[in-house]
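Beneath this line is the structure, given in structure tokens, with notes to follow.
The values are calculated or read from the model by the stated rules, or taken from the named source; none is laboratory data. Please read all numbers here as calculations on a predicted model, not as lab measurements. As a convention, Cβ positions derive from the backbone with ideal geometry for all residues, glycine included, and neighbour counts pool all protein chains shown. These accessible areas exclude ligands, DNA and RNA; they are computed on the full protein's heavy atoms, side chains included. Shrake-Rupley method; radii C 1.70, N 1.55, O 1.52, S 1.80 Å.
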Amino acid sequence: MSEGVPESFVEATLDVERGTKIACWFNPATLQRSRSANWQAREGLDGGLYRDYAGAGGERISLELLLHGRDGMPGREASDLPAQMQALIGLVEPTIQVGNAKRPPTVTLEWGAYTSFRGAVTAVDVTQELFGASGAPLRALVRLSLEQAVPEAGQTTAKGQNPTTRANMLRQVHVVRTGDTLPLIAYQYLGDAERWIEIAELNRVEDPTRLAAGASLLILQGQA
């Protein structure tokens, strides 16, 4: 807990993939959550238009964060505000190496008992509202938009895949047994033990070497 903050006060943080947690100077002023259901339209034999349920879509979160210097709080002075703004803007910068390309990191919002999905920051909007005599910013309002990056059980695959690809994905759930390992599970379902990382990322496995017996793992298996 930060110096000068009451013990009963729970700070919201942004857990950045392969990075450090970014502490919110003030907890979000607003937090909007939205989720959609996907329906596919089809024409029936009687000429009528019907809709078939195609799974739940990913969740979206929009939140506002206030940045304002606090006297006597290390790392949260007005002079530290530009660095904090840059850290948040940096969430849309490609810093994660994937093969020969890079992508921005995924982010998880943690606030007390609430932990969000692992999401991609799709937009960062910074409004500087107050300036000192020298022109340095003293206060800023930051709006973040996150979209779920990893599908959960019952959800459709991520946007960007064509309808044929989505139709050819077989969703299976594996219940972990004593002695199971991710490479073994990957070989059993995907035919390639090296693809264990796909299962780990999809299910947000924090420690791939320790699987809890009885846990359920979602597996997306491509079909010819």
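Scanning residues 5 or more positions from ILE96 or on other chains, those with amide H under 5 Å from its amide H are ARG103, with H placed 1.01 Å from N in the peptide plane.
Net charge in the neighbourhood of LEU182 (other residues with Cβ under 11 Å of its Cβ; Lys, Arg +1, Asp, Glu -1) is -3.
In the stretch 184-215, what GluC sites (Glu not before Pro) fall in a loop by DSSP, with at most 13 other Cβ atoms inside 10 Å?
Here the sparse-neighbourhood loop sites are GLU206.
Hey, what's the stretch 12-108 come to in accessible area per residue, 1.4 Å probe, Å²? Don't skip to the answer; put the middle values down first.
On the way: 5650 Å² over 97 residues.
Each residue of the stretch 12-108 exposes 58 Å² on average to a 1.4 Å probe.
Annotation: amide H-H contacts under 5 Å for LEU130 (H modelled 1.01 Å from N, sequence separation of 5 or more, or interchain): LEU138, ARG139.
Sequence-ordered 3J(HN,Hα) estimates for the stretch 118-128 from the Karplus curve with 6.51, -1.76 and 1.60 and θ = phi - 60° stand at 7, x, 9, 6, 8, 7, 10, 10, 10, 10, 7 Hz, glycine and proline given as x.
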